[in-house]
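Everything below concerns the one structure shown next.
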């Protein structure tokens, strides 16, 4: 409530005629550190935004966030050039957003003054739970950071840059988490001071844990490792796989999933209805079978074995992007669709990886057919001033984007993508 008062989030008014205020509730949660230990107990007042009506108390709601691959790219660049990587957190970020619409809310439970019991809260600032809260905060932050001289990236609106001679600074915003990257400590300190003058901030020093990812750094050797072991432990516990066997492959060699594996009897459907298949893979597949769930458990077992493996950046003599793509013909047994994928690496580690099925269409585009035994490797060299040099070459070494591989081959390919144990950094 102190934050509400400091930010002047609402004023108490008589309820307007014909207006039904939205409700609110208290939400309590535990905030953990990078090792999964409880750090703080938080209580947050949340508006019941699902009762808002479009065109009356909200309009646009879209708000961008930084893509994970953008964060990885900047970390790879910072590792190569030995830039500082600092982290800050915005306290009660959404309370800084300014509302353009008239929004009325009931008074929070436990904080109703007897003399004003009939009044309602007219919101002046955004509050957690409102449909436009994230957008209002993003607009407010963008306004403040551009006043300091940062330029917003056109393709990635939550990444900002600032150049002054040889001084380079980057800022990445992910809701209320901020990464500040640069090569000049006084400049970075001034950025922190400016942000603290605009918002209530928490200085976290050198970045060590952001978005569920641990950051390990060896600046003497210009190496940086990313680990999601804590997050993987949570996933394994959620699906009761924390004591499972450790798998050597994410997918059994030679397996082929299809609709033929879907349950066909009421008993099989009833059994599968108790299995959290959709929660595990984020899929809306209507009728998964035992074989599909077995394939998911193979992935979870593989994660248990590899949870202590890092994605490592560093050790490259040039800051060069390497891109690989692969395709397999008619992988899908049900509709004969092909599968393709690509991966891009920078400074020795993976930045972006995608694998997808060919979209359904009546006629195949001959321009999209490619030799499944060929990978196109596109490399881009980058220097600190932003100049690029492009070239392409053909190589015949396959990567596991579209095919299951034996363990030795899989381990060899993943290591080439920067995925390795800390002991293998050297």
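Every number here is computed from the coordinates shown, using simple stated rules; none is lab data. Worth saying up front: this structure is predicted, and the values here are computed from it rather than measured. All Cβ positions, glycine included, derive from the backbone under ideal geometry; neighbour counts span all protein chains shown.
Descriptive notes on the structure:
- Footprinting exposure proxy ranking of 137, 194, fewest other C-beta atoms within 10 angstrom first, gives 194, 137.
- What the pair-distance distribution of segment 196-284 shows, using all Cα-Cα distances binned every 5 Å from zero, is 3, 8, 10, 15, 15, 13, 10, 8, 6, 5, 4, 2, 0 percent.
- Computed over the chain: relative contact order in percent, which uses C-alpha pairs under 8 Å that are six or more apart: 14 percent
- Angle between the chain longest axis and helix 229-238 axis [Cα atoms, degrees, rounded to 10]: 90 degrees
- For the chain, the longest principal axis of the alpha carbon atoms and the long axis of helix 185-198 meet at an angle near 40°.
- Against the chain, whose longest principal axis comes from its Cα atoms, helix 290-306 is set at around 80 degrees.
- Anisotropy class of segment 239-306 from Cα gyration tensor, a/c 1.5 cut: prolate
- Computed across the chain, the Kirkwood hydrodynamic radius from all distinct Cα-Cα pairs reaches 25.2 Å.
- Of 26, 293, 86, the sequence from fewest to most neighbouring Cβ atoms within 10 angstrom is 26, 293, 86.
- Highest mean packing first, where packing is the average number of other Cβ atoms within 10 Å per residue, the peptides 42-53, 308-319 line up as 308-319, 42-53.
- Gyration tensor (alpha-carbon) shape descriptor, segment 2-218, a/c threshold 1.5: prolate
- For segment 99-247, alpha-carbon Rg and Dmax in angstrom: 21.2, 66
- Of the beta bridges in segment 2-218, as assigned by DSSP with both residues counted there, near 95 percent are antiparallel.
- Whether segment 183-226 is rounded, prolate or oblate, judged on the alpha carbon gyration tensor where a/c under 1.5 counts as rounded: oblate
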